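J.: Quick one: the structure is below, questions incoming.
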Amino acid sequence: MPFFSSSSFSFSSSVSVNGKTDSQRYATQTQTTPDGKTVQTASHRSGEPIYTETRQYDAAGRPIVDGRVLRSGQPTQ
């Protein structure tokens with residue numbers, strides 16, 4: 001599936017306490033298909049596995065969960 005737009009964000013910090021330095025890194029990337037119906041996000045924190053998530057939306061922009069469209073935050077029957 002080709003993606004149309006992509007955005008990314010990364011953050012890193014270092015803290016030194018009593019001569020010991022602790023570094024943390026976080027990165028995320030989001031890609032969207034041309035029709036805007038599929039959004040794929042991948043994120044990673046240092047020391048943790050990469051987390052990926054794909055979300056589907058209908059033509060009105062409502063989330064599709066397990067093949068059902070959410071309305072007012074509740075799955076349809």
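The values are calculated or read from the model by the stated rules, or taken from the named source; none is laboratory data. Note that the structure is a prediction, hence the values are computed from the model and not measured. Cβ coordinates were reconstructed from backbone atoms using ideal geometry, including for glycine residues, and neighbour counts include every protein chain displayed.
J.: Going through segment 10-29 one residue at a time, which ones are over 15 Å from ILE50 (Cβ atoms) and either assigned to a strand (DSSP E or B) or of a type in the set (Asp, Glu) (or both)?
T.: Within segment 10-29, PHE11, SER12, SER13, SER14, VAL15, SER16, VAL17, LYS20, THR21, ASP22, SER23, GLN24 qualify.
Condition check ((1) surrounded by 14 or more Cβ atoms within 10 Å (Cβ to Cβ); (2) within 20 Å of ARG62 (Cβ to Cβ); (3) in contact (Cβ under 8 Å) with a residue 12 or more places away in the chain) across all residues:
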residue: SER10; (1), (2), (3): no, no, yes
residue: ASN18; (1), (2), (3): no, no, no
residue: THR21; (1), (2), (3): no, no, no
residue: ARG25; (1), (2), (3): no, no, yes
residue: THR28; (1), (2), (3): yes, no, yes
residue: THR32; (1), (2), (3): yes, yes, yes
residue: LYS37; (1), (2), (3): yes, yes, yes
residue: HIS44; (1), (2), (3): yes, no, yes
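J.: I've got another one for you. So which residues in segment 14-46 are of a type in the set (Gly, Ala, Ser) and in contact with an Asp or Glu (Cβ under 9 Å, 6 or more places away or on another chain)?
T.: SER14, SER16, ALA42, SER43
J.: Moving on. Scan segment 56-77 for residues that are aliphatic (A, V, I, L, M) and at pLDDT 60 or above and jot them down.
T.: ALA59, ALA60, ILE64, VAL65, VAL69
J.: Another one. Just one of (1) in a strand (DSSP E or B); (2) of a type outside the set (Asp, Glu); (3) over 18 Å from the mean Cα position of the chain (by Cα) trips up THR41, so point out which.
T.: In the conditions (1) in a strand (DSSP E or B); (2) of a type outside the set (Asp, Glu); (3) over 18 Å from the mean Cα position of the chain (by Cα), THR41 misses (3) alone.
J.: Turning to a different aspect of this structure: Starting from segment 48-72, keep only residues that are part of a loop (DSSP other than H, G, I, E, B), then list their pairs with residues that are modelled with pLDDT of 85 or more whose Cβ atoms are within a distance under 8 Å, requiring at least 6 positions of separation or different chains.
T.: ILE50/ALA42; ILE50/SER43; ILE50/HIS44; ASP58/LYS37; ASP58/ILE64; ALA59/LYS37
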